[in-house]
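Remarks on the structure that follows.
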Amino acid sequence: MPHNMDTTRTPCEDDWRLGVDIGGTFTDFQLMNTRSGEVVALKTPSTPDDPSLAVARGLEDITRRHGIDPSAIRYFAHGTTLAVNTLLERKGACTGVLMSRGFTDTLELRRLRLSKANDFFVPRPVPLVPRRLVRPVDERLKSDGEVITPLRREDVEEQVRALLEEGVETIAVCFLHAYRNPHHEQMARQWITESFPQVYVTASTDVWPQQREYERALVSVINAYVGGRMEAYFTTLEKRTRDLAMPCRVFSTKSNGGVMTAATAARRPVETLLSGPASGVIGARHVASSIGDDHVVTLDMGGTSVDVSIIQGAIGQATDNTIGDIPVIMPAVDVSAVGAGGGSIAWTDSEGVLKVGPRSAGARPGPACYGRGGTQPTVTDAYLVAGIIAEDSLLDGTMVLEPALADAAIDRLAAVIGRTRSETADAILQVTTANIYAQLLPLTARRGIDTTGFSMLAYGAAGPTQAFMLARELDMRRIIVPPAPGTLCALGCLVADFRADFVQSVWRDLDTLSDQDLGDTYAGLETRARAWMEEQDAGVADVHVLRSADLCHIGQSYEINVPFPDVASLSTEDLNRWFLERYQKVYGYHDPHAPVRMLEARLQIVGVTPSPPVFSRPAGDGGRARGVRRVHEAGDVVEAHVWRREDLRQGETYPGPLVIEQYDTTTWVPPGFVAAIDDFGNLIGERA
């Protein structure tokens with residue numbers, strides 16, 4: 001991407017929106033001018049020890065290169081992997097937990113399910129908090145919230161002092177049946193804050209007051225575990241943006257695809273765990289909707305994994321997410337990891353069979369060709385050896401790869417499997433494609449998706465490189481590569497709406513639940529939701545609420561989430577009918593005589609941010625191919641024309657094989673496909 005500076009701008013002429021995605025390897029920036037439609041992008045190395053430092057450096061770099069006054073940036077939203085990486089790497093704060101006496105083994109007992117049903121020797125998961133740091137408190141509520149044993153301040157403070165002597169830095173509070181009556185948890189949190197102001201405290205009812213003791217306790221523990229580090233990060237980030245004379249507030253993306261203020265995120269960092277993948281899906285939907293395509297499979301291939309989501313008009317939501325071996329019940333964009341990424345290591349098993357992933361070279365040392373000490377062959381090394389990427393094609397040549405190191409890494413594997421260097425690189429790419437295909441196909445089948453009616457939207461640093469190889473295996477309508485696929489998650493940050501979820505456990509049979517109680521439940525949720533929206537002070541264009549309920553037949557172990565329309569008066573008869581209709585759609589049958597139970601009432605509030613306009617991109621004069629490169633792929637060697645993406649002319653078709661290079665990625669278009677540039681700058685690939 002060109003970085004020529006434009007010094008003719010003045011702050012009054014510009015109105016910029018900034019999206020930033022902080023990844024493990026790179027921090028991505030997208031700046032969008034809402035008046036002209038101009039978009040500029042930047043990738044800069046992340047600084048894991050202080051992620052806000054990479055943001056500050058990148059902001060200085062991108063504004064200087066493009067002559068943008070920071071005071072003209074009116075909106076700034078960002079996503080970060082800091083919380084999820086802290087959780088996965090087990091680098092959070094030393095956390096203590098206060099629980100009701102008699103229930104302090106909740107985190108150890110979990111759900112007593114084997115992660116692999118056919119393996120009795122699967123390792124036991126290690127809790128985030130050791131048993132010695134879970135302390136009992138003498139208090140007790142009935143299942144309806146009535147107080148049996150009152151909470152005493154001296155008991156709470158005594159247990160907190162004991163935890164602090166053990167080196168505890170943050171504390172989570174989770175009492176039995178607090179979802180029915182949060183008073184004890186709220187008092188405990190207040191007393192701890194008053195007596196120990198240096199301690200970061202989380203109460204489960206502040207985060208997610210849903211019935212299910214283990215999951216609710218775990219959410220509060222995660223929030224406390226990452227909370228101290230996230231609070232410090234957000235405080236530092238806001239200070240650094242002020243030092244750069246940016247007048248706008250800092251917003252953070254959420255796992256559910258929304259955004260919230262940095263102050264809210266500091267209190268509820270657990271809501272940012274899956275914000276990175278969610279931001280990518282939001283950006284993908286923005287691109288797809290701009291060209292009128294509402295049936296899309298998103299393919300986000302980064303350094304470690306391949307994430308997939310299915311968009312059918314709206315973005316799917318899920319409440320059964322897993323991070324590592326930790327279940328998280330809070331709503332999030334429905335994204336599934338289906339394969340290995342560009343940094344995934346190729347290896348052979350005991351039988352000599354070639355495998356790719358799940359182990360990854362990560363950011364450090366990274367693929368062998370990065371020259372940072374990595375010696376094992378990765379997918380990125382295979383791209384380089386196969387000729388798909390060049391040593392000087394990444395980041396406009398500012399990140400130079402080392403072919404000799406990639407050759408050496410591939411050669412060691414080639415000696416094991418008895419193939420040439422090029423054949424081994426080709427085999428790695430074929431196995432990578434097969435891995436993604438093998439997991440993507442059942443995923444679409446479980447959702448009842450016929451991929452022939454869908455497009456694939458590829459993004460991430462390696463998504464466009466791998467997408468056409470995967471398209472050979474799937475009969476999909478077309479492949480869409482957005483103008484800046486490597487920074488699409490940053491685009492998702494700047495176009496996301498404000499969004500928050502609220503839940504109330506009900507656990508009542510519908511025939512015992514009155515219409516008045518049902519209406520009061522949702523009215524209470526809406527009051528809390530609108531108070532949250534006012535707290536964000538976001539200046540949204542519109543606000544609306546989405547209601548749903550978790551319901552099941554009595555005796556069933558699994559519930560169905562049933563969204564329903566906004567009606568003037570809600571009745572249990574309507575709820576029963578909507579449930580049966582949904583049950584029929586999911587399972588193909590229903591029993592109208594079986595009694596129904598309502599487990600949870602759910603409400604999501606959406607504050608619609610003013611959408612930046614979608615501008616068509618004027619057709620350029622085009623250019624010529626930069627040369628020809630030999631590419632080894634799919635068991636063949638082909639002569640591929642190499643193009644810079646900005647040299648492709650709108651209205652013309654370009655038959656494969658093609659290598660299309662740009663600032664943030666390389667797109668490989670194999671034989672049998674043609675590519676074209678649409679009016680919005682998207683690269684559209686179809687079968688020849």
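The values are calculated or read from the model by the stated rules, or taken from the named source; none is laboratory data. Remember, it's a predicted structure, so these values are computed and weren't measured experimentally. Cβ: placed from backbone, ideal geometry, glycine included. Neighbour counts: every protein chain shown. Areas reflect the complete protein model, heavy atoms only, side chains present, ligands, DNA and RNA absent. Shrake-Rupley method; radii C 1.70, N 1.55, O 1.52, S 1.80 Å.
Test each condition in (1) touching a Ser or Thr at 6+ places or on another chain (Cβ under 9 Å); (2) farther than 30 Å from residue 264 by Cβ; (3) in a strand (DSSP E or B); (4) open to solvent by 40 Å² or more (accessible area, probe 1.4 Å) for residue 561 and report the one that comes out false.
(2)
Quick check: anything in the range 300-310 acidic (Asp, Glu) and in a strand (DSSP E or B)?
Yes, there is a match, as at least one residue in the range 300-310 is acidic (Asp, Glu) and in a strand (DSSP E or B).
Quickly run through the range 676-688 and pick out the residues that are out of contact with any Pro (no Cβ under 8 Å at 6 or more places or on another chain), part of a strand (DSSP E or B) and closer than 30 Å to residue 29 by Cβ.
Once the filter is applied, which keeps residues that are out of contact with any Pro (no Cβ under 8 Å at 6 or more places or on another chain), part of a strand (DSSP E or B) and closer than 30 Å to residue 29 by Cβ, the range 676-688 yields 676, 677, 684, 685.
I want to confirm something. Restricting to the range 213-242 and keeping residues that are charged (D, E, K, R) and open to solvent by 10 Å² or more (accessible area, probe 1.4 Å), which single residue is farthest from residue 324 (Cα to Cα)?
Restricting to residues being charged (D, E, K, R) and open to solvent by 10 Å² or more (accessible area, probe 1.4 Å), the top hit is 242.
Could you please let me know if residue 283 is within 12 Å of the chain's Cα centre (by Cα), in the same structural domain as residue 55 (by TED's automatic domain parsing) and crowded, with 20+ Cβ neighbours inside 10 Å?
Spelling it out, it is not the case that residue 283 is within 12 Å of the chain's Cα centre (by Cα), in the same structural domain as residue 55 (by TED's automatic domain parsing) and crowded, with 20+ Cβ neighbours inside 10 Å.
Residues are listed down the side, and each one gets a yes or a no for (1) aromatic (Phe, Trp, Tyr); (2) under 31 Å from the mean Cα position of the chain (by Cα); (3) modelled with pLDDT under 95; (4) open to solvent by 20 Å² or more (accessible area, probe 1.4 Å):
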site: 183; (1), (2), (3), (4): no, no, no, yes
site: 187; (1), (2), (3), (4): no, no, no, yes
site: 192; (1), (2), (3), (4): no, no, no, no
site: 195; (1), (2), (3), (4): no, no, no, yes
site: 201; (1), (2), (3), (4): no, yes, no, yes
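Which of the residues belonging to the range 176-190 are farther than 18 Å from residue 328 by Cα, not in a helix (DSSP H, G or I) and not basic (Lys, Arg)?
176, 177, 178, 181, 182
Anything in the range 564-584 that is part of a loop (DSSP other than H, G, I, E, B) and either outside the structural domain of residue 509 (by TED's automatic domain parsing) or buried (at least 18 other Cβ atoms within 10 Å of the Cβ) (or both)? List them, or say none.
Answer for the range 564-584, where residues must be part of a loop (DSSP other than H, G, I, E, B) and either outside the structural domain of residue 509 (by TED's automatic domain parsing) or buried (at least 18 other Cβ atoms within 10 Å of the Cβ) (or both): just 570.
So which of 356, 338 ends up being surrounded by 24 or more Cβ atoms within 10 Å (Cβ to Cβ), of a type outside the set (Lys, Arg) and not in a loop (DSSP other than H, G, I, E, B)?
Just a single option satisfies the conditions, and that option is 356.
Please go through the range 274-283 and give me each residue that is under 20 Å from residue 85 (Cβ atoms) and at pLDDT 90 or above, ordered by number.
278, 279, 280, 281
In the range 257-283, how many are in contact with a helix residue (DSSP H, G or I) (Cβ under 6 Å, 6 or more places away or on another chain) and either without any contact (Cβ under 8 Å) to a residue 24 or more places away in the chain or among the polar types (S, T, N, Q) (or both)?
Total meeting the criteria: 3.
Residues that are at pLDDT 90 or above, closer than 24 Å to residue 271 by Cβ and not assigned by TED's automatic domain parsing to the domain that holds residue 175: does the range 69-76 have at least one?
Yes, the range 69-76 has at least one match.
For the range 646-673, name all the residues that are within 16 Å of residue 393 (Cα to Cα) and of a type in the set (Ser, Thr, Tyr).
Residues satisfying the conditions are 663, 665, 666, 667.
Using beta carbons and a limit of 6 Å, which pairs, at least six apart or on different chains, have the first residue in the range 456-468 and open to solvent by less than 10 Å² (accessible area, probe 1.4 Å) and the second one among the polar types (S, T, N, Q)?
457/298; 464/665; 464/667; 465/666
Just one of (1) within 27 Å of the chain's Cα centre (by Cα); (2) over 22 Å from residue 666 (Cα atoms); (3) in contact (Cβ under 8 Å) with a residue 24 or more places away in the chain trips up residue 450, so point out which.
Of everything listed in (1) within 27 Å of the chain's Cα centre (by Cα); (2) over 22 Å from residue 666 (Cα atoms); (3) in contact (Cβ under 8 Å) with a residue 24 or more places away in the chain, residue 450 misses just condition (3).
I'm told residue 551 meets every condition in (1) among the aliphatic types (A, V, I, L, M); (2) under 30 Å from residue 436 (Cβ atoms); (3) modelled with pLDDT of 95 or more except one. Can you identify the failing condition by its number?
Status for residue 551: all satisfied but (2).
Residues to consider are 432, 452, 444; find the one that is modelled with pLDDT under 90, in contact with a strand residue (DSSP E or B) (Cβ under 8 Å, 6 or more places away or on another chain) and polar (S, T, N, Q).
Step by step, each of 432, 452, 444 is checked, and only 444 is modelled with pLDDT under 90, in contact with a strand residue (DSSP E or B) (Cβ under 8 Å, 6 or more places away or on another chain) and polar (S, T, N, Q).
Residue 423 versus (1) assigned to a helix (DSSP H, G or I); (2) surrounded by fewer than 19 Cβ atoms within 10 Å (Cβ to Cβ); (3) in contact with a Pro (Cβ under 8 Å, 6 or more places away or on another chain); (4) not aliphatic (A, V, I, L, M): which is the lone unmet condition?
All conditions pass for residue 423, except number (3).
What residue, of 173, 129, is touching a residue at least 40 places away in the same chain (Cβ under 8 Å) and part of a loop (DSSP other than H, G, I, E, B)?
129
Name every residue in the range 529-588 that is among the basic types (Lys, Arg) and more than 30 Å from residue 250 (Cβ to Cβ), in order of residue number.
547, 577, 582, 585 - these are the residues of the range 529-588 that are among the basic types (Lys, Arg) and more than 30 Å from residue 250 (Cβ to Cβ).
Here's a check for you: in the range 243-255, which residue that is surrounded by 24 or more Cβ atoms within 10 Å (Cβ to Cβ) and of a type outside the set (Val, Ile, Thr) is farthest from residue 334 (Cα to Cα)?
Once the filter is applied, the top-ranked residue is 251.
Please specify each residue of the range 469-483 satisfying the condition of being open to solvent by 10 Å² or more (accessible area, probe 1.4 Å) and out of contact with any Ser or Thr (no Cβ under 7 Å at 6 or more places or on another chain).
The answer is 472, 483.
Does the range 191-200 contain any residue that is in a loop (DSSP other than H, G, I, E, B), touching a Gly at 6+ places or on another chain (Cβ under 8 Å), more than 16 Å from residue 101 (Cβ to Cβ) and in contact (Cβ under 8 Å) with a residue 24 or more places away in the chain?
Scanning the range 191-200, I find no residue that is in a loop (DSSP other than H, G, I, E, B), touching a Gly at 6+ places or on another chain (Cβ under 8 Å), more than 16 Å from residue 101 (Cβ to Cβ) and in contact (Cβ under 8 Å) with a residue 24 or more places away in the chain, so the answer is no.
Evaluate the range 29-46: report whether one residue or more is surrounded by 20 or more Cβ atoms within 10 Å (Cβ to Cβ) and at pLDDT below 75.
Looking for residues that are surrounded by 20 or more Cβ atoms within 10 Å (Cβ to Cβ) and at pLDDT below 75, one finds none in the range 29-46, hence no.
Considering only residues of the range 394-414 that are of a type in the set (Gly, Ala, Ser) and more than 33 Å from the chain's Cα centre (by Cα), which is surrounded by the most Cβ atoms within 10 Å (Cβ to Cβ)?
414
Go through the range 71-113 and give me each residue that's under 20 Å from residue 493 (Cβ atoms), outside any helix (DSSP H, G or I) and of a type outside the set (Ser, Thr, Tyr).
Selection gives 73, 74, 76, 77, 78, 79.
Taking the range 643-673, which residues are part of a strand (DSSP E or B), over 28 Å from the mean Cα position of the chain (by Cα) and surrounded by 16 or more Cβ atoms within 10 Å (Cβ to Cβ)?
643, 644, 654, 658, 659, 673
Output the number of the condition that residue 105 fails; it satisfies all remaining conditions of (1) farther than 30 Å from residue 192 by Cα; (2) at pLDDT 85 or above.
For residue 105, the exception is condition (1).
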